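The structure appears below as structure tokens.
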Amino acid sequence: MLISGLQKLTLLDFPNHVACTIFLKGCNFRCPFCQNKDLVLPEAKTTYYTEEEILDFIEKRKNVLDGVCFTGGEPTLHKDLADLLKKVKMLGLKVKLDTNGYNPDALIDLVNNKLVDYVAMDIKNSFQKYDLTTGIKFVDTSKIQKSIDFLKRGTIPYEFRTTVVKEYHNVSDFIDIAKTLQGASKYYLQKFEDSDTCISRGLHAPTDEEMKNYLNILKTLGINAFIRGED
Ligand code: SF4
């Protein structure tokens, strides 16, 4: 397993938990707006942590922490993720998993084996724009749909979320997303921010008015939607 980052404390990423975040290298998407290019691109150099270093850190901080977030990259690509999650759970901490939903069988196994307590799944865009928004060709959106359908069954708490980028999202996309997410418990919109850690530079954030318009459309269509940071 390639562990490429450790954020020692976060009060924001795992709802109602004091957590740390572990970053795993590698992703099956290449979203141009991705802010973690060093975690996604295999050629990018990153610092690596051993599993022992991470578990040692968690053990020492478990009186302060009550959760661990696993993010990436795409954590479910790591075949030994389940083993690490088991060890974290044995230390008495809850696990939050960030995923792009493109590995539904792994997601379902992890949840059904009670190794995950909360899932945040990206909805990159309306299905017809998945290739454009993920930066890869021929995305099989039936896999995304399978992950959505599984989470919507409510086995564990979850949220869907979209990073909104001016160049990629419009009203029609959110109308389509609303159809896909009918019945979902929570859906967050988060505004894109450009930075030198993005895979592609020069993309733009939507305006506040555009964000509010998308939110209102989603709410009108029955989605329990929020703008991140304003809920
Ligand atoms: S945004 Fe997420 S899914 Fe997209 S390339 Fe980055 S880590 Fe992968």
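Computed from the coordinates by the stated procedures, all read-outs in this text should not be read as laboratory data. Note that the structure is predicted; figures quoted are calculated from it, not measured. Every residue, glycine among them, receives a Cβ derived from its backbone with ideal geometry; neighbour counts consider all protein chains shown.
A few remarks follow.
- Rounded tilt (10° steps) of 171-180 against the dominant C-alpha axis of the chain: 60 degrees
- Over segment 3-227: Kirkwood hydrodynamic radius from C-alpha pairwise inverse distances, Å: 18.0 Å
- The label-point distance for residue 80 and residue 152, in a model that sets each label 7 Å from Cα toward Cβ, rounds to 3.7 nm.
- Taking the fewest neighbouring Cβ atoms within 10 Å as the starting point, the ordered list for 10, 220 is 220, 10.
- For segment 34-51 versus segment 89-161, the gap between their alpha-carbon centres in whole angstrom: 21 Å
- Simple rule: put +1 on each Lys or Arg Cβ and -1 on each Asp or Glu Cβ in segment 1-110, find the dipole, and look at 69, 2, 84; the Cα lying farthest toward the positive end is 69.
- Estimated from helical segments only, the mean residue ellipticity of the chain at 222 nm is -9000 deg cm²/dmol, where each DSSP H run of four or more residues counts as -39500 (n - 2.57).
- Each peptide among 55-63, 21-29 gets the average number of other Cβ atoms lying within 10 Å of its residues, and from highest to lowest they stand as 21-29, 55-63.
- Sorting 171, 68 by the number of Cβ atoms found within 10 Å of their own Cβ, with the fewest placed first, yields 171, 68.
- The charge dipole of the chain, taken about its Cα centre with unit charges on the Cβ of Lys, Arg, Asp and Glu (plus for the first two, minus for the last two), comes to roughly 400 debye.
- Exposure proxy shown here: for 144, 177, 54, the number of other Cβ atoms within 10 Å sets the order, fewest to most, as 54, 144, 177.
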